[in-house]
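Have a look at the structure below, then the notes.
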Amino acid sequence: MKITFFSTQPYDKQFFIEHNKHFHYELEFFEMPLNAQTVSLVQDATVICVFVNDKVDAAILAQLKEKGVEIIALRCAGFNNVDLQAADSLAIQVCRVPAYSPEAVAEHAMAMILTLNRKVHKAYNRVREQNFSLQGLMGFDLYGKTVGVIGTGKIGKALCRILLGFGCNVLGFDLFVDRELEAAGVQYLPLIELLQQADIISLHSPLNDQTRHMINSQTLKLMKKGVMIINTSRGALIDTRAVIEALKTCQVGYLGIDVYEQEEKLFFHDHSEDIIEDDIIQRLMGFPNVLVTAHQAFFTREAMDEIAETTLHNIHAILAGEAAELPGKLV
Ligand code: NAI
């Protein structure tokens, strides 16, 4: 039974080969992403294993079906890049890794907050050049600040716990109230009120039709002047052009993004020798108060172990007809 991987990085190979010692599947690794051009590479595979920026739309699913593919195994939590309806109608089963390490992502969000606030990235470079001046490095106490967490699922909840530990006032917005968080001190508010009150806003809801561009020119106007916005969820939660305008007027005081609307053309690859054609990311990176990381929030040893083990377990369970209770089963 062959599993063909797309968008493979060396670390994917390392972890999947190690965990496959208990499963004994045939693994085939392609570095390129899955898209209309690369789908023709699939030969004799029962399972296709994809990541966040692989394109799994209706046309590609139809071609995979013709090639005999039975399962799409996402080795990530988000699944906005898969047409689930089309998969269902083609009887292709889809699974994901719903929770590999919410803490990994929450801790990265916190690292972004702390870095932007205390300017650790600038201090590091400055000191290496024997510049020991503090001019321009002033931050603010996180203790007592109000932080709005949008989406209090697994990752948002982990961040709320961290923020409570720092002594922040934590506001939450979600379609569902988490009673445990409420008891721990998180105050749930309507979205507009959260946006108006928060000094820092961190996004942890999935990308879907309701959440696409939830941070836009209208919602940006509601926020406190100088607000910090953190996005470790999916790039398209933010209208990037609108946030650039808000950075120019200082309405947004800090922006930390681990995800970006057009990231599939850039992230996970070394472009240090290339001319970047994307003017929007170049503009963003030109701001001194913007921190960009390349979708690395998930990237811890513990998370990689869990991703490889759960993905292979999902595939095993589906093939064995035991998927009814599988938490990662989508279709
Ligand atoms: P989850 O499913 O546990 O939580 C998502 C929460 O968002 C749920 O509580 C849900 O009710 C809420 N939600 C749904 N629609 C909403 C709306 N319109 N407004 C407000 N809240 C809404 O998911 P989890 O594991 O916490 O992951 C969240 C997102 O983080 C994923 O969808 C994925 O896109 C992203 N992610 C990013 C990673 C990275 O490396 N940067 C790694 C893993 C996930």
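The values are calculated or read from the model by the stated rules, or taken from the named source; none is laboratory data. Computed from a prediction, not measured in an experiment: that's the story for all the values here. As a convention, Cβ positions derive from the backbone with ideal geometry for all residues, glycine included, and neighbour counts pool all protein chains shown. To get the accessible areas, we keep the full protein, side chains included, count just its heavy atoms, and leave off ligands, DNA and RNA. Shrake-Rupley method; radii C 1.70, N 1.55, O 1.52, S 1.80 Å.
If Met112 passes every condition in (1) assigned to a helix (DSSP H, G or I); (2) within 15 Å of the ligand (Cβ to nearest atom); (3) open to solvent by 40 Å² or more (accessible area, probe 1.4 Å) but one, which one does it miss?
With (1) assigned to a helix (DSSP H, G or I); (2) within 15 Å of the ligand (Cβ to nearest atom); (3) open to solvent by 40 Å² or more (accessible area, probe 1.4 Å) applied to Met112, the lone miss is (3).
Within region 74-106, work out how many residues are among the aromatic types (Phe, Trp, Tyr) and either more than 9 Å from the ligand (Cβ to nearest atom) or in contact with a helix residue (DSSP H, G or I) (Cβ under 9 Å, 6 or more places away or on another chain) (or both).
Looking only at that region, the number is 1.
Count, please, the residues in region 71-95 that happen to be open to solvent by 50 Å² or more (accessible area, probe 1.4 Å) and touching a residue at least 40 places away in the same chain (Cβ under 8 Å).
Residues meeting the conditions: 4.
Testing Glu18 on (1) in a loop (DSSP other than H, G, I, E, B); (2) more than 18 Å from Gly328 (Cβ to Cβ), one condition comes back false. Which one is that?
(1)
If I go through region 279-314 residue by residue, how many of them are of a type in the set (Asp, Glu) and under 18 Å from Leu247 (Cα atoms)?
Number satisfying all stated conditions: 1.
Just need a number here: residues in region 140-172 that are small (Gly, Ala, Ser) and under 16 Å from Leu191 (Cα atoms).
5
Just checking, which of Ala303, Ala246 is more than 22 Å from the chain's Cα centre (by Cα) and touching a residue at least 24 places away in the same chain (Cβ under 8 Å)?
Answer to the check: Ala246.
Quick one: would you say Val186 is β-branched (Val, Ile, Thr) and either open to solvent by 60 Å² or more (accessible area, probe 1.4 Å) or more than 14 Å from the ligand (Cβ to nearest atom) (or both)? Lay out the reasoning, then the answer.
On the way: β-branched (Val, Ile, Thr): yes; either open to solvent by 60 Å² or more (accessible area, probe 1.4 Å) or more than 14 Å from the ligand (Cβ to nearest atom) (or both): no.
Judged against the criteria, Val186 is not a match.
Collect the residues in region 159-178 that are open to solvent by less than 50 Å² (accessible area, probe 1.4 Å) and either near the ligand (Cβ under 8 Å from one of its atoms) or charged (D, E, K, R) (or both), keeping them in residue-number order.
Asp174, Asp178
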